[in-house]
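Single-structure report; data block below.
The values are calculated or read from the model by the stated rules, or taken from the named source; none is laboratory data. Keep in mind the model is a prediction, meaning the values are calculated, not measured. Ideal geometry is used to build each Cβ from the backbone, glycine not excepted, and the neighbour counts take in all protein chains shown.
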Amino acid sequence: MCRLFGYVTEADRSVASLLGDDGLDAFTSLTAVHDDGWGAAWHPPSTDGSVTTRTVTSPRSAALDPAYDALVHEPLSCAGLLHLRWATGGLPVRAENTHPFHADNYAFAHNGHVAPISELEALLRPEVRAQLVGDTDSERYFHFVLQTIGDVGDEVEGVTRALATLVEKFPRSSLNALLLAPERIFAIHINSRADSPSDLRDLPADDPLPLRHSTDYFAMDYRIREGSIEVVSSGLDEPGWTPVPLDTAVVVDLTTREVTRLDLAAVLEERSQ
């Protein structure tokens, strides 16, 4: 389970400039729970017009890692994502399990748990399973999305069909995620039948939970301002954010910042006929 922040902007911006001092402090303070590593993905500037997706990950707590503080204050890109990890389900805290995962110029960060992991991995073909390096369901979720994009031959349709399959097979899982592609970013908020993580009950009683964690753990909010579109997991107590509707997945064009909703219902209806 994790925290996510994603953005698409008109010009290169830093996470700190988008969230502001108070917002960044509030987001980083979520390491009180989500302290099992952090990572970021972005598109660095290019002189030849090519797009490269770059990632940085660390198994250290973001609150204790100077590299995190330096990175969030640097105007890296006009599109990117940031991730704070909480290693639930007994999964090891190590570099290979730290989000975002990166392959084929895509980067992916997940907030949820898809179980059983063995059934998720069974969706991957042998040559795709051979690419796995860690233990997480999230990495397998990512590679299933990439596998489906390749099978379908269309990025948006591939993501849509992959999500429809996961909704069918793992209806009580949270599929909340951000997927950064060369020309788009996908924001996925699918979790209406998922329960808040039971691990929250194991936290010290005298240490208050971050905002909305006990009742609305998988919530996501968004805001659209002049020159930027941003999405964030629950935990920030600031004005200006609007709740993302339940079971919504959208794609944002990085050039035009046009937002399009993915039509999972149409795929699910097609399969039921």
Long-range neighbours under 6 Å by Cβ, at least six apart or interchain, first residue in contact (Cβ under 8 Å) with a residue 60 or more places away in the chain within the range 220-247, second assigned to a strand (DSSP E or B) and among the acidic types (Asp, Glu): Gly227/Glu10; Val232/Asp221
A careful count of residues in the range 48-83 that are among the β-branched types (Val, Ile, Thr), in a loop (DSSP other than H, G, I, E, B) and crowded, with 18+ Cβ neighbours inside 10 Å gives 1
Restrict the check to the range 34-47 and report whether at least one residue is outside any helix (DSSP H, G or I), among the hydroxyl-bearing types (Ser, Thr, Tyr), surrounded by fewer than 18 Cβ atoms within 10 Å (Cβ to Cβ) and more than 18 Å from the chain's Cα centre (by Cα). yes
Would you tally the residues in the range 214-225 being assigned to a loop (DSSP other than H, G, I, E, B) and either modelled with pLDDT of 95 or more or among the aromatic types (Phe, Trp, Tyr) (or both)? 2
Subset tally (residues that are surrounded by fewer than 17 Cβ atoms within 10 Å (Cβ to Cβ), basic (Lys, Arg) and at pLDDT 95 or above) for the range 137-174: 1
Does the range 55-111 hold any residues that are touching a Phe, Trp or Tyr at 6+ places or on another chain (Cβ under 7 Å), hydroxyl-bearing (Ser, Thr, Tyr) and within 18 Å of Ala16 (Cα to Cα), and which are they? Tyr68, Ser77
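Listed here are the residues, each with its yes/no results for (1) touching a residue at least 24 places away in the same chain (Cβ under 8 Å); (2) under 17 Å from Met220 (Cβ atoms).
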{"site": "Arg94", "(1), (2)": "yes, no"}
{"site": "His99", "(1), (2)": "yes, yes"}
{"site": "Phe108", "(1), (2)": "yes, yes"}
{"site": "Ile117", "(1), (2)": "no, no"}
{"site": "Leu123", "(1), (2)": "yes, no"}
{"site": "Arg140", "(1), (2)": "yes, no"}
{"site": "Ala164", "(1), (2)": "yes, no"}
{"site": "Ser174", "(1), (2)": "yes, yes"}
{"site": "Ala187", "(1), (2)": "yes, yes"}
Does Gly134 meet the test of being buried (at least 22 other Cβ atoms within 10 Å of the Cβ) and either over 23 Å from Thr248 (Cα atoms) or at pLDDT below 95 (or both)? no
Do we find that Thr98 is under 24 Å from Glu168 (Cβ atoms) and among the polar types (S, T, N, Q) in this structure? no
